[in-house]
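As structure tokens, the structure follows; a few thoughts come after it.
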Amino acid sequence: MTLKIVDGIENKKLCLIMVTQSERDRSFLTQKLTRYMGWLAIKCKFFKNRDNQDTEIEFDNLITNVCEWFKEKDTTVAILDVRDIRLSDGPQYDSVFKKHQIDTLFVEYVGDETKQDKNSVPLENIIENKRLTDSLSYVVLRKETEDILINKVENYLQTRIIFYILNINMDNRSIWLSRHGESVYNLEEKIGGDSPLSPRGQKYAHLLPALTKKEVGESPLIVWTSTLRRTQETAKYLPYKKLAWKALDELDAGVCDGMTYKEIEEKYPDDFKARDDDKYQYRYRGGESYADVVNRIEPVIMELERQENVLIVTHQAVLRCIYAYFMNVPQSESPWMTIPLHTLIKLTPTIEGVKVTRIKTDIPAVSTYKEKGSSDISNNPSNISSKYANILEEACDSQKI
């Protein structure tokens with residue numbers, strides 16, 4: 001299965017132009033949108049009107065670069081970061097791109113009314129400007145006053161992007177991720193199922209409240225789990241409000257549920273090979289693919305962007321998809337990432353990207369990592385098939401508890 005968005009998005013060409021005056025706000029929104037588009041498998045590229053030496057690129061050259069990129073196969077969204085542009089400059093950009101059958105959407109965000117740029121225009125003045133309202137697709141957001149102005153949004157792709165922007169939390173916060181504690185099925189090398197925690201998994205569940213308290217302090221926190229027994233047992237002792245999401249349940253292994261990889265290789269050799277060849281798109285018989293998981297957890301991602309501090313206790317495949325979103329890992333590579341048990345991962349979004357901290361406990365646990373081409377589970381895989389396999393370890397500060 002290939003994840004596709006309805007309404008012919010693959011045939012749309014959209015230039016998203018950031019007119020936000022604050023460098024911080026513009027950078028934050030730009031990197032978030034670029035990552036979100038990539039996570040949805042929508043081909044997207046970021047352009048700015050200055051080079052690495054901060055020298056301004058001529059307007060005509062910038063437009064040429066964008067239009068040339070749109071000639072490539074499957075290109076859909078270009079994100080344009082232009083310093084000192086105003087919404088009133090929109091028509092000149094819009095008219096140029098329209099000549100190339102490229103739609104435009106302008107985004108203006110004002111995070112702090114008391115510090116807003118002198119070029120920021122009151123909403124009522126924008127509404128009265130017929131030159132803008134008759135021709136331009138745009139969204140204007142004022143954080144302090146909670147004002148939102150949306151004009152001439154005419155297709156699904158633009159609506160999807162605006163909905164995402166409206167849900168972004170621009171404030172400082174952190175997100176914690178954890179797999180459930182080691183389960184009985186983990187010890188037996190079985191996949192899927194709804195088994196309880198092992199004794200070591202129970203030990204991790206008892207340690208998690210103190211570990212979380214040390215990280216969160218007195219800040220408010222909400223805990224999200226799947227509906228399966230092993231995640232709820234892991235979160236049982238956490239003294240915070242809990243919410244169970246069906247969407248956070250582990251990837252459905254269909255007819256292979258409750259089997260070991262060796263059993264799958266023996267009983268369904270063709271399926272075993274097909275999954276290794278394209279693990280992201282392969283769907284278990286009567287079950288799911290990683291692409292299906294991405295599709296069903298998108299509402300979780302959207303809600304996660306709205307929240308303050310959240311701890312998610314869920315499963316390996318689901319965490320791979322969530323982590324791929326935050327770390328901009330290509331979806332085809334996300335199923336090969338290592339996500340160890342009994343480890344708490346802290347993600348802090350910043351304007352430069354996402355800061356990652358990994359807190360390992362001293363509670364042993366089995367490995368559940370299967371290397372490509374093998375049915376063996378190994379703590380030290382010898383033939384790493386993806387350069388992203390150890391990105392969690394490479395991208396983070398590590399602590400041991």
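Total residues in segment 103-143 satisfying the condition of being assigned to a strand (DSSP E or B) and at pLDDT below 85: the figure is 4.
Listed by first and then second residue, the pairs with beta-carbon distance under 8 Å, at least 6 apart or on different chains, first residue in segment 161-187 and more than 30 Å from Thr76 (Cα to Cα), second in a loop (DSSP other than H, G, I, E, B) and among the aromatic types (Phe, Trp, Tyr), form an empty list. Consider segment 310-341 and keep the residues that are part of a loop (DSSP other than H, G, I, E, B) and polar (S, T, N, Q). The one that is farthest from Glu250 (Cα to Cα) is Asn328. Taking (1) at negative phi; (2) touching a Lys or Arg at 6+ places or on another chain (Cβ under 9 Å) in turn, Glu189 satisfies each apart from (1).
Of everything in segment 267-309 that's among the small types (Gly, Ala, Ser) and not in a helix (DSSP H, G or I), which residue is nearest to Lys190 (Cα to Cα)?
As a first pass, look at segment 267-309 and keep what is among the small types (Gly, Ala, Ser): 274, 286-287, 289, 291.
Then keep just the ones that are not in a helix (DSSP H, G or I); that gives 286-287, 289.
Working: Gly286: 17, Gly287: 16, Ser289: 18 Å.
The extreme case among them is Gly287.
For the residues Leu319, Leu311, Leu304, the requirement of being under 14 Å from the mean Cα position of the chain (by Cα) and more than 17 Å from Ala389 (Cα to Cα) singles out Leu304.
Taking first residues from segment 273-288 that are farther than 14 Å from Pro335 by Cα and partners that are surrounded by fewer than 18 Cβ atoms within 10 Å (Cβ to Cβ) and hydrophobic (A, V, I, L, M, F, W, C), the Cβ contacts under 6 Å between residues at least 6 apart in sequence or on separate chains come to Arg285/Val255; Gly286/Val255. Taken together, the residues in segment 208-238 that are open to solvent by 50 Å² or more (accessible area, probe 1.4 Å) and either in a helix (DSSP H, G or I) or at pLDDT 95 or above (or both) amount to 8.
Residues in segment 283-303 that are surrounded by fewer than 20 Cβ atoms within 10 Å (Cβ to Cβ) and either in contact with a strand residue (DSSP E or B) (Cβ under 6 Å, 6 or more places away or on another chain) or under 21 Å from Ile377 (Cβ atoms) (or both): Gly287 only. Residues that are open to solvent by 60 Å² or more (accessible area, probe 1.4 Å) and out of contact with any Leu (no Cβ under 6 Å at 6 or more places or on another chain) within segment 147-169 comprise Ile150, Lys152, Glu154, Tyr156, Thr159, Phe163, Leu166, listed in sequence order.
Only one of these is under 17 Å from the mean Cα position of the chain (by Cα), at pLDDT 80 or above and of a type in the set (D, E, K, R): Lys43, Lys4. Name it.
On the way: Lys4 fails: at pLDDT 80 or above.
Sole residue among the options that is under 17 Å from the mean Cα position of the chain (by Cα), at pLDDT 80 or above and of a type in the set (D, E, K, R): Lys43.
For the residues Pro349, Pro340, the requirement of being under 14 Å from Leu177 (Cβ atoms) and open to solvent by 40 Å² or more (accessible area, probe 1.4 Å) singles out Pro340.
Residues of segment 170-184 that are open to solvent by less than 20 Å² (accessible area, probe 1.4 Å) and either more than 23 Å from Leu304 (Cα to Cα) or modelled with pLDDT of 85 or more (or both): Ser174, Ile175, Trp176, Leu177, Ser178, Arg179, His180, Gly181, Glu182, Ser183.
May I ask you to list the residues in segment 40-57 that are in a loop (DSSP other than H, G, I, E, B), open to solvent by 50 Å² or more (accessible area, probe 1.4 Å) and in contact with a helix residue (DSSP H, G or I) (Cβ under 9 Å, 6 or more places away or on another chain)? Outline the logic, then answer.
Here is the first cut: in segment 40-57, the residues in a loop (DSSP other than H, G, I, E, B) are 40-42, 49, 51-55, 57.
Right, trim to open to solvent by 50 Å² or more (accessible area, probe 1.4 Å) and you get 41, 51-55.
Of everything in segment 40-57, just one residue is in a loop (DSSP other than H, G, I, E, B), open to solvent by 50 Å² or more (accessible area, probe 1.4 Å) and in contact with a helix residue (DSSP H, G or I) (Cβ under 9 Å, 6 or more places away or on another chain), namely Ala41.
Yes or no, residue by residue, for (1) farther than 21 Å from Val153 by Cβ; (2) in contact (Cβ under 8 Å) with a residue 12 or more places away in the chain:
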{"site": "Arg26", "(1), (2)": "no, yes"}
{"site": "Arg35", "(1), (2)": "yes, yes"}
{"site": "Leu40", "(1), (2)": "no, yes"}
{"site": "Arg50", "(1), (2)": "yes, yes"}
{"site": "Lys71", "(1), (2)": "yes, no"}
{"site": "Asp74", "(1), (2)": "yes, yes"}
{"site": "Gln92", "(1), (2)": "no, no"}
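Results for (1) in contact with a helix residue (DSSP H, G or I) (Cβ under 9 Å, 6 or more places away or on another chain); (2) open to solvent by less than 40 Å² (accessible area, probe 1.4 Å); (3) closer than 23 Å to Tyr282 by Cβ; (4) among the aromatic types (Phe, Trp, Tyr), shown as yes or no for each residue.
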residue: Leu197; (1), (2), (3), (4): yes, yes, no, no
residue: Gly201; (1), (2), (3), (4): yes, yes, no, no
residue: Leu248; (1), (2), (3), (4): yes, yes, yes, no
residue: Thr260; (1), (2), (3), (4): no, yes, yes, no
residue: Glu263; (1), (2), (3), (4): yes, no, yes, no
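The set of residues from segment 144-169 being touching a helix residue (DSSP H, G or I) at 6+ places or on another chain (Cβ under 8 Å), under 21 Å from Glu308 (Cα atoms) and either in a loop (DSSP other than H, G, I, E, B) or of a type in the set (Gly, Ala, Ser) (or both) comprises Glu144, Thr145, Ile168, Asn169.
Just need a number here: residues in segment 57-102 that are β-branched (Val, Ile, Thr) and modelled with pLDDT of 85 or more.
Residues of segment 57-102 that are β-branched (Val, Ile, Thr), as a first pass: 57, 63-64, 66, 75-77, 79, 82, 85, 96, 102.
Okay, now just the ones that are also modelled with pLDDT of 85 or more, so 63-64, 66, 76-77, 79, 96, 102.
Matching residues across segment 57-102 total 8.
The values are calculated or read from the model by the stated rules, or taken from the named source; none is laboratory data. Fair warning: this is a prediction, and the values are worked out from it, not measured in the lab. Here Cβ is always computed from backbone atoms with ideal geometry, including for glycine, and neighbour counts include all displayed protein chains. Accessible surface areas use protein heavy atoms only, side chains included; no ligands, DNA or RNA. Shrake-Rupley method; radii C 1.70, N 1.55, O 1.52, S 1.80 Å.
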